[in-house]
Structure formats: C-alpha cells, structure tokens
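These notes are about the structure you will find just below.
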Amino acid sequence: MENKVSIEISPADLKAVKDAIAVLQTVLGPILIALSPEERKKRNKMGEASKPFVEKVLEYAKSNPEFLPAFAKVVEMDKDWKAHVDLGPVFNALNQLTSNLNDTLLEVGSDLMKPSNAYYKSVQMGVKMDVPNAKPIYEDLRVRYEQKPKKKENGA
C-alpha cells in the first residue's frame, strides 16, 4: 500500500495558520454575505466574459449619465466594481488553497481507510477463527458498515 501523503505540521505552523484564518475572519467576516441556494440561482452572474462589458458600462455611465436608469447609482457601481477587483484575487488564492487542502484531506483519508479496512477484515477473520478479543473489537467497529434500513416509499 502506498501512503501518498506523509506530512507533519508543527504546532507553531498550525497556530500560525489558525491565526491567519482568524485575521481573515475578523477582516472579511463583517463585510461578506451568505446567500441561500435559491438566492444564488436568482442572481445575475458576472463571469469573466462580462467583466469588460461592466467596465465599459461604468465608463459610459460616467461620460453619458443621461442613459443611466434612476435606480442605478454610479457611486455604488464604482464601489461594487472596486470590491470585485479587490476581492477577486483573494478568492482565487483561497480557492486554490482550499482545493488543494480538500485534495490533501481526501488523500489522507484514503491513506487511513486502506489500513483501517484491512485491520477490520483481519478482526472479522479473527472472529470466524474464535481468536480472543476479536469479537468485542468487531462489535465496536462493525457499526461503520451496518446498512441502515431503506425508507419506505409512501403507500408501500
């Protein structure tokens, strides 16, 4: 069995990471929002292809304000554009980091599950062969693989 991830994080490094996260939460937490899945669906999305369009609209809205709808405020659009420009690189860096962190946790979990499953199978064999101490270990570990009863359909 290949153990693909073999890392140790020093307590000092782990504390530094947690401190950095705390700074991010302190600085960004009060200004960030959370949308429900339904709210996300309802929003107009500004992807990469729309950024030049929005930037041009901002320029035109300033030079030709007669076309600006009454509900649209250039000052607010400027603030939103600056926030988008400022936070975009932060998101990209954090997204890359969280993607790599997710992959690392997945691989570490896989590295743990392989020998854990092998141990469990060995305990199962021990139970079949009446090896002392195997049964209580098996009883404790088998909970992981117990099948939950399937929910019955309405009227079934």
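The values are calculated or read from the model by the stated rules, or taken from the named source; none is laboratory data. On a predicted model such as this, the values are computed, not experimentally measured, just so you know. Cβ placement follows ideal geometry from the backbone for every residue including glycine, while neighbour counts extend to all protein chains displayed.
Against the numbered list (1) surrounded by fewer than 12 Cβ atoms within 10 Å (Cβ to Cβ); (2) closer than 18 Å to N3 by Cα, M129 comes up short only at (2). Filtering E107, E76, E59 for residues that are under 26 Å from the mean Cα position of the chain (by Cα) and of a type in the set (D, E) leaves a single hit, E107.
Summed over the stretch 111-142, residues that are without any contact (Cβ under 8 Å) to a residue 24 or more places away in the chain and under 28 Å from the mean Cα position of the chain (by Cα) total 4. Among residues of the stretch 26-46 that are without any contact (Cβ under 8 Å) to a residue 40 or more places away in the chain, those with a beta-carbon under 7 Å from a residue that is in a helix (DSSP H, G or I) and surrounded by 10 or more Cβ atoms within 10 Å (Cβ to Cβ) at least six positions away or on a different chain give the pairs M46/V54. On the stretch given as the stretch 10-32, residues that are more than 16 Å from L94 (Cβ to Cβ) and either touching a Phe, Trp or Tyr at 6+ places or on another chain (Cβ under 6 Å) or β-branched (V, I, T) (or both) total 0. Please tell me if P115 is in a helix (DSSP H, G or I), modelled with pLDDT under 95 and not β-branched (V, I, T). Spelling it out, P115 is indeed in a helix (DSSP H, G or I), modelled with pLDDT under 95 and not β-branched (V, I, T). For the stretch 141-155, the criterion of being farther than 30 Å from I7 by Cβ, surrounded by 10 or more Cβ atoms within 10 Å (Cβ to Cβ) and out of contact with any Gly (no Cβ under 6 Å at 6 or more places or on another chain) is met by at least one residue.
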